[in-house]
Structures are given as C-alpha cells and as structure tokens.
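**Q** If you scroll down you'll find the structure; I have some questions about it.
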Ligand code: NOJ
C-alpha cells in the first residue's frame with residue numbers, strides 16, 4: 001500500500017513532495033464522469049483517469065482532487081453515496097482506485113478524494129432500514145426524522161428549504177403504507193441528512209476516513225463541511241425566502257459552531273497517518289473570518305475561497321477580497337486558496353463576461369497570488385460554459401426540481417475534448433453522457449498542444465514558472481503597487497503582476513526587469529484591456 005510519495009518523475013521539483021506541500025499547491029479537480037472514459041460506455045471512469053495521469057503531471061499540477069466515485073444511485077451525480085467504501089460500477093472497482101493512487105504517486109501527484117458526510121443516499125443501508133423499521137427504529141436516530149406539524153402531521157416539521165428548491169423535508173411512508181414521519185434533506189429528497197449528534201455517525205465517518213487513508217489517499221475534500229451540525233431543536237429560519245447556495249445569511253443549519261469538534265477529531269486521524277494528509281473544507285460561510293475557524297491549527301488545512309470565486313472582474317473588489325482572504329487566515333497560520341471554476345458554477349470564461357481574453361487574464365492573476373490554487377478540468381483548455389443543452393439531457397437535480405427555472409450545473413460538466421476529431425473528441429470510444437458542442441475539437445488538448453498562443457500552453461508555462469520562481473506561490477503577502485483605475489498590481493519579492501480589468505488599455509509603467517508571461521499580446525507600453533502580465537523585476 002502506498003503511504004508516501006515516490007520521487008516525482010517529471011517536471012521541475014513538485015510542491016507535492018515537500019512538507020506543507022498544500023500551502024502553495026496547484027490542485028486539479030477531476031470530475032470523474034466527464035474527464036476520460038476508459039470502457040467506452042459514454043461515462044468517464046477511473047481507468048480513463050488513470051490513463052490520463054501523465055497529462056496532469058505534464059501540465060504541472062501538484063495534486064488531483066477527484067469528485068465522488070463511490071457507489072451511488074446518482075441522484076446528484078455521486079454526491080448521494082450509498083456505500084462509502086465501494087466504487088460505483090460505472091466508475092470501476094476498488095482495484096482501479098488503488099492503481100490510480102499508485103500511478104499518481106509514481107508521477108509525483110497527490111490524490112485527494114471527496115468525502116460526503118452531511119448526507120447519504122436514500123438507498124444507503126442505514127436509511128433503508130430506518131424506513132423499513134418505522135418510527136421508533138434506532139436507525140432513524142442516525143438521520144433527522146420528525147413528526148409533521150398540523151393536526152394530522154401533514155405540514156413539514158419546520159420551514160427550512162432545500163438548496164435545490166422546495167421544502168427540506170419529505171414525508172416518509174410507514175411500513176404499512178400510511179403517511180408517516182418526515183425526514184430532513186438540505187439537498188435532494190434522495191439525500192437525507194445525517195444526525196451528527198449520533199455517536200454511530202461520528203464513528204462511521206472516522207472509520208471511512210481510515211479506510212481511504214489506508215488505501216493511500218493524501219486527503220479529503222469535505223462536501224458541505226459547514227452543514228453537518230444543525231441548531232438544537234431545528235428552529236424555524238423564519239425568513240420565508242428561497243435559499244441561495246451562495247448566500248451569506250446566518251442559518252440554523254449552516255456554519256454552526258459544533259462542526260469544529262468534528263474536524264478536531266478528524267485532524268487527529270490525519271496526523272496519525274503522517275505524510276502530510278490534508279482536509280479541505282467546502283465551507284460556505286458568511287465571512288472570511290468564519291471560514292478561518294475551519295483552518296485553526298488543530299482542524300483542517302484548506303478551505304475553498306468562495307468569496308474570491310464570487311468576486312466579479314473588478315479591480316477594487318478584487319483587491320478587497322485578496323486582502324481580506326490573506327488577512328483573515330494570518331491569525332490561524334493557514335494558507336489561502338484561490339479558485340475560479342468548479343463543477344457547481346458557470347465556467348469562468350463565461351461567468352466573467354469577457355470571453356477567453358478575460359478568462360486568461362483572471363487565471364494569471366489567480367496563479368500569481370500567494371497560496372494554493374484550484375483548477376477545474378477543462379479550464380486549462382479555455383472551455384466555455386455550454387449554455388444550450390437540451391432539457392432532456394440535463395441531469396442536475398436542481399434543474400429537475402425547479403421546473404426548468406434553474407439549470408446551472410450541467411453546462412460546466414460536459415466531457416472535455418482530448419482530440420480534434422473522433423468519437424466524443426477522444427473522451428472515449430462510445431459517445432459522451434452530455435453532448436459536446438460544435439467547435440469542441442478546436443479546444444482539444446491535441447489542437448492546443450505545442451501552440452504557444454493556446455490556453456493550454458499558457459497554463460503549462462504559468463505552472464512551470466510557479467515552480468521555478470522563488471517568489472511565486474508560497475508566502476502570505478502582496479505589496480500593492482500604485483496603478484491606474486481598473487488595474488490590480490502587486491509585487492511579491494522579485495515578482496510583479498499587473499492585471500487590467502477594464503475594456504481599454506491602461507497606462508501602467510513596466511517595472512525594470514523582464515516579462516515572464518502575459519495572458520495576451522503586450523508590447524511593453526500600455527497594459528492592454530483584459531490582460532495580465534507577469535514580470536521578474
Ligand atoms: C456540494 C457539491 O459540490 C455539489 O455538487 C453537491 O450537489 C452538493 N454539495 C450536495 O452534496
């Protein structure tokens with residue numbers, strides 16, 4: 001069993017073999033359904049990913065985070081787990097996971113897996129037994145079952161709403177078929193929330209952590225890390241408003257202080273294994289200061305910086321969020337992370353509204369900041385959001401549950417193109433589970449490799465420079481430089497970065513030194529619109 005990393009076999013020294021590797025690591029998110037299909041069934045899988053690992057090593061990332069591949073009925077694309085220790089047949093088997101981890105380590109890549117502890121699938125054995133055994137079953141105490149309100153229990157127990165739309169409660173049937181208790185699900189009805197006050201739930205997840213650590217994983221991305229503990233008594237939220245996944249309200253089911261005890265107990269396990277295994281919180285909190293609490297020295301190592309992701313392409317707002325992100329983590333000694341895209345949001349090429357030039361400029365700004373950066377598969381190809389998927393192919397439960405009003409997450413999950421031509425552009429031999437749009441082949445790895453103007457080569461060069469330049473990556477400070485309105489400019493040691501967020505050229509004097517990299521054409525004069533430049537100066 002691989003517990004420690006082999007020496008990296010490619011590229012300059014990888015961050016991943018240094019102590020504290022995560023502090024400046026570039027972590028690449030693989031969405032298993034859509035990365036590479038090894039068996040030609042139209043759905044990505046672990047053997048497909050394994051074959052493409054050399055591509056990731058060559059790209060220059062330090063680690064791979066795999067979205068869930070566990071046994072699941074796929075009501076929420078695998079974020080509904082029915083067996084936390086098994087691989088879903090559509091993705092392969094346990095031996096494939098072991099081989100993937102082994103190969104990744106051989107290439108100097110760390111492997112982070114997704115853990116989904118807030119809820120299980122409704123097909124999980126515990127939940128099925130809880131339903132079968134009826135009210136009073138001890139298994140029901142591992143979830144949140146409650147009698148309904150109203151004379152006949154016909155109203156949900158409180159006013160909480162599901163993030164995917166509609167009430168956060170579904171009424172279960174009694175074993176005799178009559179309407180029974182309600183159960184809580186902050187997401188889809190197929191995703192019942194665990195009751196984290198129950199010791200069996202806590203024990204189970206400690207055991208699941210050990211299972212994957214024994215298999216050699218280097219860490220966990222913790223899904224809904226802010227949601228496991230609910231306010232005592234499950235009080236009404238009282239707003240009467242539709243919830244927003246990205247909202248910053250204080251809510252009785254998110255960011256409760258009780259979650260931190262869980263992470264303290266998990267940290268002991270991670271440390272016990274050695275080899276710098278990490279925990280990464282997917283924590284949506286009202287403020288950067290609240291996020292910092294998850295990163296105290298005895299809790300987790302990283303948290304996604306959704307405050308950064310939610311910031312528009314605006315110099316004042318960007319400076320503010322960068323300062324706030326760095327300042328908020330200094331007291332707890334944690335490294336900041338940066339992220340522009342993932343499987344839940346509109347791809348940043350489309351979201352930022354300025355097409356490919358702006359996406360490239362945003363990427364170079366992000367990769368110049370101190371700390372760790374997350375790259376979502378396909379952003380290195382400059383993929384746009386696919387906005388015209390026909391309704392009948394969409395699989396996102398938030399789309400289905402909201403009568404077509406909201407379908408935000410399939411368009412960033414379309415299988416990525418590897419080759420110009422061929423079935424599903426090299427994704428696999430048998431088509432792709434979401435249709436790829438026209439023009440996908442020209443964005444493929446094959447089409448971009450070796451073209452110095454391509455976005456893929458921009459990412460490769462940027463990641464190489466991050467490894468080579470001593471002032472990129474590590475540290476926790478930027479020194480802001482005077483810059484015209486709309487330009488974000490800072491120095492880090494002998495490194496300078498300037499990003500023009502406006503739609504017109506800006507007079508930013510080039511610092512003495514040499515240009516390392518530019519996101520678009522630059523002749524040393526004014527900084528062109530939507531362009532970022534790196535200097536060694
Ligand atoms: C966050 C995941 O990223 C998202 O894809 C999922 O739907 C929810 N958590 C629920 O697990």
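**Q** In this structure, does residue 77 turn out to be farther than 30 Å from residue 449 by Cα and either touching a residue at least 24 places away in the same chain (Cβ under 8 Å) or out of contact with any helix residue (DSSP H, G or I) (no Cβ under 6 Å at 6 or more places or on another chain) (or both)?
**A** yes
**Q** Further question on the same structure: List the pairs whose first member sits in region 414-427 and is more than 17 Å from residue 51 (Cα to Cα), whose second member is surrounded by 21 or more Cβ atoms within 10 Å (Cβ to Cβ) and modelled with pLDDT under 95, and whose Cβ atoms are under 9 Å apart, counting only residues at least 6 apart or on separate chains?
**A** none
**Q** Determine which member of the set 430, 371, 382 is in contact with a strand residue (DSSP E or B) (Cβ under 7 Å, 6 or more places away or on another chain) and away from the ligand (no atom under 16 Å from the Cβ).
**A** One residue alone meets the criteria, 371.
**Q** Select from region 159-182 the residues that are more than 16 Å from the ligand (Cβ to nearest atom), assigned to a loop (DSSP other than H, G, I, E, B) and crowded, with 23+ Cβ neighbours inside 10 Å and list them in ascending order.
**A** None - no residue of region 159-182 is more than 16 Å from the ligand (Cβ to nearest atom), assigned to a loop (DSSP other than H, G, I, E, B) and crowded, with 23+ Cβ neighbours inside 10 Å, so the list stays empty.
**Q** Within region 183-193, identify whether any single residue is within 16 Å of the ligand (Cβ to nearest atom), within 27 Å of residue 279 (Cβ to Cβ), out of contact with any helix residue (DSSP H, G or I) (no Cβ under 6 Å at 6 or more places or on another chain) and at pLDDT below 95, and answer yes or no.
**A** No: zero hits.
**Q** Shifting gears a bit: Go through 124, 144 for me and flag whichever is more than 26 Å from residue 66 (Cβ to Cβ) and surrounded by 21 or more Cβ atoms within 10 Å (Cβ to Cβ).
**A** On inspection, the qualifying residue turns out to be 144.
**Q** Against the definition (within 14 Å of residue 217 (Cβ to Cβ) and away from the ligand (no atom under 16 Å from the Cβ)), how does residue 59 come out, yes or no?
**A** no
**Q** Mind telling me which of the residues 482, 451, 471 ends up being surrounded by fewer than 17 Cβ atoms within 10 Å (Cβ to Cβ) and under 24 Å from residue 418 (Cβ atoms)?
**A** The match here is 451.
**Q** Right, another one. Could you say which residue among 88, 114 is buried (at least 19 other Cβ atoms within 10 Å of the Cβ), over 24 Å from residue 467 (Cα atoms), within 13 Å of the ligand (Cβ to nearest atom) and not assigned by TED's automatic domain parsing to the domain that holds residue 163?
**A** 114
**Q** Let me ask another. Which residue, of 334, 315, is buried (at least 21 other Cβ atoms within 10 Å of the Cβ) and touching a residue at least 40 places away in the same chain (Cβ under 8 Å)?
**A** Going through 334, 315 in turn, just one is buried (at least 21 other Cβ atoms within 10 Å of the Cβ) and touching a residue at least 40 places away in the same chain (Cβ under 8 Å): 334.
**Q** Does region 40-47 include one or more residues that are within 16 Å of the ligand (Cβ to nearest atom), touching a residue at least 40 places away in the same chain (Cβ under 8 Å), closer than 26 Å to residue 121 by Cα and assigned to a loop (DSSP other than H, G, I, E, B)?
**A** Checking region 40-47: at least one residue is within 16 Å of the ligand (Cβ to nearest atom), touching a residue at least 40 places away in the same chain (Cβ under 8 Å), closer than 26 Å to residue 121 by Cα and assigned to a loop (DSSP other than H, G, I, E, B).
**Q** Every residue in region 268-289 that is part of a helix (DSSP H, G or I) and modelled with pLDDT of 95 or more, please.
**A** Answer for region 268-289, where residues must be part of a helix (DSSP H, G or I) and modelled with pLDDT of 95 or more: 268, 269, 270, 271, 272, 273.
The values are calculated or read from the model by the stated rules, or taken from the named source; none is laboratory data. In this text, all values refer to a predicted model and were calculated from it rather than measured experimentally. For neighbour counting, all protein chains shown are included, and Cβ atoms are generated from backbone atoms with ideal geometry for every residue, glycine included.
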